[in-house]
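Participant: Here it is: the structure, laid out below.
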Amino acid sequence: MSKRITLSDIAKELNVSNVTVSKALSGQKGVSEETRQKIKELADKLGYKQPSAVDRAKKDKSRNIGIIVPGRYFGIDNSFYWIMYQEVVTIAVNEGCFTMLEVINVEDEGKQELPKLVKEKKVDGIILIGRPKNGYIQKIREDSSIPMVCLDFFDDFNDCDSVISDGFYGTYMLTNYLFSMGHTDIAYVGTLLYTSSITDRYFGYAKSMLEHGKKIPDEWIMDDRDWETEDVASFEVKFPKKMPTAFVCNCDLTASTLIKNLKKINYKVPDDISVVGFDNFLYPGLCDIGITTYDVNVKEMARKSIRILMDRMNHVKLKHGVRIIQGEIVYKDSVKKLDNNA
């Protein structure tokens, strides 16, 4: 029995990527006419057969979706990603899909080893939750034409679909809320450039500070984690010499760690210092006070990710890009109104 010709066979013959072959044969943009013609001619010569409408209909009934997560995001204190994973699975099942989880260990991520689900072609599409190290996504895209959606982060690799929360305006609104409560000396806690989410949230904070005519001292931009160990929960925060009256934290875990560090130097929240977070999720027992925060609409993010991936797997033509899902502020106990006339 003759071997079935695949996209990879054509790609190797012409020394191009699987993605290029897939685009050429499906009439998508991003391939020169000369290359497209060569691919089509070779496909005809080798006897490549695209899946028939009947075959696709059969596959649609039992799509396999791989959920890929870098292992460092699945620590007990980062259970926010477990919640996101559970929402994705629930919605995928409702769509008639099967899901398979693969947690990428740090070593494989660093070596840019392809996920086994992709390498062994066990899934029809993947959702990548949490940004991996630089180059990892590009490695997947270069070695596979499998549809992929990036969930909770943005990657600037060409033809990438991303679904993210509104970190910029969410943090902007939180900072505006602190100003409305009488605070003007406000610091930001989050290691810039560690993730795109942390940096986006910083710029939301910075926009509010700028609009209120406030300059941001360098010491008011504070790290919240160790670059090597990636630890947040036990990170020792270095406080500025001039203490602000409020802190904007890039996530609730950071906010809870900050509150513990403030307690060590005899500051009470919210009596002495006000604190806001982001995500509206904190592992039970990590903080003894309700943190005012921005509630991320995880359910809608998961729903949107599955919908995009289903469209991609069904060859629906739609533009690649970033989909931003709005949330809302949740007011709790960690902010106190200042009496500036006192």
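Participant: Quick one: 298, 232, fewest Cβ neighbours within 10 Å first, how do they rank?
Facilitator: 232, 298
Participant: In addition: Binning at 5 Å from 0, report for the range 167-295 what percent of all alpha-carbon pair distances ends up in each bin.
Facilitator: 2, 11, 24, 27, 22, 11, 2, 0
Participant: Another question, then. Please quote Rg/Rh for the range 256-342 to two decimal places, taking the Kirkwood radius as Rh and restricting both calculations to Cα atoms.
Facilitator: Taking Rh as the inverse mean 1/r over Cα pairs, Rg/Rh reads 1.21.
Participant: Quick one: which residues, 5 or more positions from residue 323 or on another chain, have an amide H under 5 Å from its amide H? H modelled 1.01 Å from N in the peptide plane, none for Pro or chain starts.
Facilitator: 162, 163, 164
Participant: Using the Karplus equation 6.51 cos²θ - 1.76 cosθ + 1.60 (θ = phi - 60°), what ³J(HN,Hα) coupling, rounded to whole Hz, does each residue of the range 81-95 give in order, writing x for Gly and Pro?
Facilitator: With the stated coefficients, the range 81-95 comes to 6, 5, 4, 5, 4, 4, 5, 4, 4, 4, 6, 4, 4, 5, 8 Hz.
Participant: Quick check: residue separation of residue 289 and residue 116 times 0.36 nm, minus the Cα distance between them. What number comes out in nm?
Facilitator: 58.1 nm
Participant: For the range 235-300, state the average projected area of the convex hull of the C-alpha atoms over all orientations, rounded to one decimal in nm².
Facilitator: 4.8 nm²
Participant: When N counts the residues of the chain, how does its alpha-carbon radius of gyration compare numerically with 2.2 N^0.38 Å, as a ratio?
Facilitator: Taking the Cα Rg and dividing by 2.2 N^0.38 Å, one obtains 1.17.
Participant: Rounded to the nearest whole Å³, what is the per residue volume of the convex hull around the Cα atoms of the range 77-210?
Facilitator: It comes to 139 Å³ per residue, whole-number rounded.
Participant: Next question. Check which residues have an amide H placed less than 5 Å from residue 294's amide H, if you skip close sequence neighbours.
Facilitator: 277, 278, 279, 280, 330
Participant: What are the residues whose amide H is under 5 Å from the amide H of residue 100, where those residues sit 5 or more places off or on another chain and H is modelled from the backbone?
Facilitator: 65, 66, 67
Participant: So if I take the alpha carbon set of the range 7-46, get Rg, then get Rh from the Kirkwood formula, what is the Rg over Rh ratio?
Facilitator: That ratio equals 0.90.
Participant: For the residues 160, 249, 150, what sequence is obtained by ranking on other C-beta atoms within 10 Å, fewest first?
Facilitator: 160, 150, 249
Participant: Which of the aspartates and glutamates could a cross-linker bridge to residue 111, judged by Cα under 20 Å and excluding same-chain residues fewer than eight apart?
Facilitator: Answer for residue 111, where 20 Å is the Cα cut-off: 102, 120, 142, 143, 155, 228, 230, listed by chain and number.
Participant: With a cut-off of at most 12 other beta carbons within 10 Å, and DSSP calling the residue loop, which GluC sites (Glu not before Pro) in the range 99-202 qualify? Please list them.
Facilitator: 120
Participant: Pairs of lysines 8 or more apart, or on different chains, with alpha carbons under 23 Å: count those in the range 138-254, would you?
Facilitator: 8
Participant: Show me, for the range 141-155, the HN-Hα J-couplings you get by feeding each phi into the Karplus relation (A = 6.51, B = -1.76, C = 1.60, θ = phi - 60°), rounded to Hz, glycine and proline as x.
Facilitator: With coefficients 6.51, -1.76 and 1.60, one gets 5, 6, 9, 8, 9, 5, x, 9, 10, 8, 10, 6, 7, 10, 10 Hz.
Participant: Then there's this: For the range 117-186, divide the Cα radius of gyration by the Kirkwood radius and give the resulting Rg/Rh value with two decimals.
Facilitator: That ratio equals 1.23.
Participant: Considering only DSSP beta bridges whose two residues both sit in the chain, what percent are antiparallel, to the nearest 5?
Facilitator: Counting DSSP beta bridges with both partners in the chain, the antiparallel share is about 10 percent.
Participant: Can you work out the Karplus-derived ³J(HN,Hα) for every residue in the range 247-252? Use 6.51 cos²θ - 1.76 cosθ + 1.60 with θ = phi - 60°, whole Hz, and x for glycine or proline.
Facilitator: Karplus-based 3J(HN,Hα) across the range 247-252 equals 10, 9, 9, 6, 7, 5 Hz.
Each value in this text was obtained by applying a stated rule to the coordinates, not by laboratory testing. All values reported here derive from a predicted model rather than from experimental measurement. No Cβ is skipped: glycine too gets one built from the backbone with ideal geometry, and neighbour counts run over all protein chains shown.
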